[in-house]
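The structure appears below as structure tokens.
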Amino acid sequence: MAKERPSMINHPATGGLPALSSLPIFSPELETINRRHIIGFETRNADSRPFNLLRTQVSKKCTANGWSVIGVTSAEPAAGKSFVSLNLAASMARVGDQPVYLLDLDLTRASVARYMGMTPEFGLSDYLSGEVDSLSALGWRVEATNLAVFPTVHPVRNNAELLSGPHFRSLIDTIRAHDGQGIVICDLPPAFANDDAMIVIQQLDAYLLVVDGSKTTRRQVIESRAMFEPTPLLGTVLNRYQGGVTDPYGYSGYSQAYRKYY
């Protein structure tokens with residue numbers, strides 16, 4: 001459930017991303033996020049352990065390299081990259097006092113709002129098309145966390161045009177003006193869906209590549225890395241890994257649970 005947002009259209013954003021305190025609160029329904037397997041918010045849930053480990057590795061690499069703006073993508077659709085983006089952002093927002101910003105830049109198949117049970121009026125595609133001038137009109141702070149979500153609400157087909165337009169440049173400038181004041185995670189389209197991920201990743205510090213253990217091929221991983229050069233690969237995330245019955249780190253029961261969702 002979300003608190004009503006005041007009208008903020010046609011007021012350009014300046015000086016970096018909006019402060020968490022300036023954003024309206026969104027209270028996710030527990031049933032909804034559990035059904036979507038968004039478990040990064042839950043400190044006592046054993047299934048959140050992989051994201052706690054991922055959070056630590058990502059934080060260490062970002063600190064060591066001075067990175068603060070990262071993308072999450074995959075080689076092909078339905079590999080679970082939005083699932084990873086959301087759970088990583090949720091897990092990172094649980095620790096420390098730095099804000100975490102999650103931007104849904106998968107403009108044709110946006111899913112972050114759906115996963116969270118959000119039904120906002122405007123999203124990032126509206127900002128990129130010029131219909132909304134202020135990022136403050138789009139963001140929501142997740143209740144009792146340091147996470148701000150900027151969803152895409154209206155999928156578009158002229159995505160290449162939007163990502164080459166002045167409003168995307170303004171978005172990147174705004175994100176860059178926020179360097180050192182938290183972490184920005186961009187949920188991106190798959191590498192081979194279109195050239196959107198290639199366009200956006202060139203503007204980021206680094207990216208994570210989500211690999212579907214059941215179908216992503218070695219060649220797809222190699223070709224994805226080549227497409228995204230010279231932006232550094234922060235690491236790969238093996239999703240839907242099926243460990244053997246004696247493998248304590250296979251998480252195979254949980255893997256089966258979210259396999260059904262995708």
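The values are calculated or read from the model by the stated rules, or taken from the named source; none is laboratory data. All values reported here derive from a predicted model rather than from experimental measurement. Quick reminder, even Gly has a Cβ in these numbers, built from the backbone with ideal geometry, and neighbours come from all protein chains shown. Surface areas here come from the heavy atoms of the whole protein model, side chains and all, with no ligands, DNA or RNA. Shrake-Rupley method; radii C 1.70, N 1.55, O 1.52, S 1.80 Å.
Matching residues to (1) part of a loop (DSSP other than H, G, I, E, B); (2) open to solvent by 20 Å² or more (accessible area, probe 1.4 Å); (3) touching a helix residue (DSSP H, G or I) at 6+ places or on another chain (Cβ under 8 Å):
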{"residue": "Asp126", "(1), (2), (3)": "no, no, no"}
{"residue": "Asp133", "(1), (2), (3)": "yes, yes, yes"}
{"residue": "Val153", "(1), (2), (3)": "yes, yes, yes"}
{"residue": "Leu162", "(1), (2), (3)": "no, no, yes"}
{"residue": "His167", "(1), (2), (3)": "no, yes, yes"}
{"residue": "Leu171", "(1), (2), (3)": "no, no, yes"}
{"residue": "Ile175", "(1), (2), (3)": "no, no, no"}
{"residue": "Gln181", "(1), (2), (3)": "yes, yes, no"}
Scanning the range 18-45 for residues that are open to solvent by 40 Å² or more (accessible area, probe 1.4 Å) and among the β-branched types (Val, Ile, Thr), the one farthest from Val112 (Cα to Cα) turns out to be Thr43
Test Thr32 against the criterion of being more than 17 Å from the chain's Cα centre (by Cα), of a type in the set (S, T, N, Q) and more than 16 Å from Gln98 (Cα to Cα), and give yes or no. yes
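Yes or no: Trp140 hydrophobic (A, V, I, L, M, F, W, C), at pLDDT 95 or above and out of contact with any Asp or Glu (no Cβ under 9 Å at 6 or more places or on another chain)?
On the way: hydrophobic (A, V, I, L, M, F, W, C): yes; at pLDDT 95 or above: yes; out of contact with any Asp or Glu (no Cβ under 9 Å at 6 or more places or on another chain): yes.
So Trp140 passes the test.
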Please identify the pairs in which a residue from the range 210-225 that is over 19 Å from Met198 (Cβ atoms) has its Cβ atom under 7 Å from the Cβ atom of a residue that is open to solvent by 70 Å² or more (accessible area, probe 1.4 Å) and in a loop (DSSP other than H, G, I, E, B), counting only partners at least 6 apart or on another chain. Gly213/Tyr241; Gly213/Gln242
From the set of residues in the range 204-220 that are over 14 Å from Lys81 (Cα atoms) and not in a loop (DSSP other than H, G, I, E, B), which is most open to solvent (accessible area, probe 1.4 Å)? Arg218
Assuming Pro190 fulfils every condition listed in (1) modelled with pLDDT under 95; (2) assigned to a loop (DSSP other than H, G, I, E, B); (3) more than 21 Å from Arg94 (Cβ to Cβ) apart from one, which condition is it? (1)
Can you pull out every residue in the range 223-247 that is touching a helix residue (DSSP H, G or I) at 6+ places or on another chain (Cβ under 8 Å), assigned to a loop (DSSP other than H, G, I, E, B) and either open to solvent by less than 40 Å² (accessible area, probe 1.4 Å) or modelled with pLDDT of 95 or more (or both)? Thr231, Pro232, Arg240, Gly243
Can you pull out every residue in the range 107-124 that is of a type in the set (Ser, Thr, Tyr) and in a loop (DSSP other than H, G, I, E, B)? Thr108, Ser111, Thr119
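Can you pull out the residues in the range 135-151 that are free of Cβ contacts under 8 Å to residues at least 60 places away in the same chain, closer than 16 Å to Tyr115 by Cα and assigned to a loop (DSSP other than H, G, I, E, B)? Spell out how you get there, then give the answer.
Filtering the range 135-151 down to residues free of Cβ contacts under 8 Å to residues at least 60 places away in the same chain leaves 138, 144, 147, 150-151.
Those still in the list that are closer than 16 Å to Tyr115 by Cα too: 147, 150-151.
Selection gives Pro151 alone.
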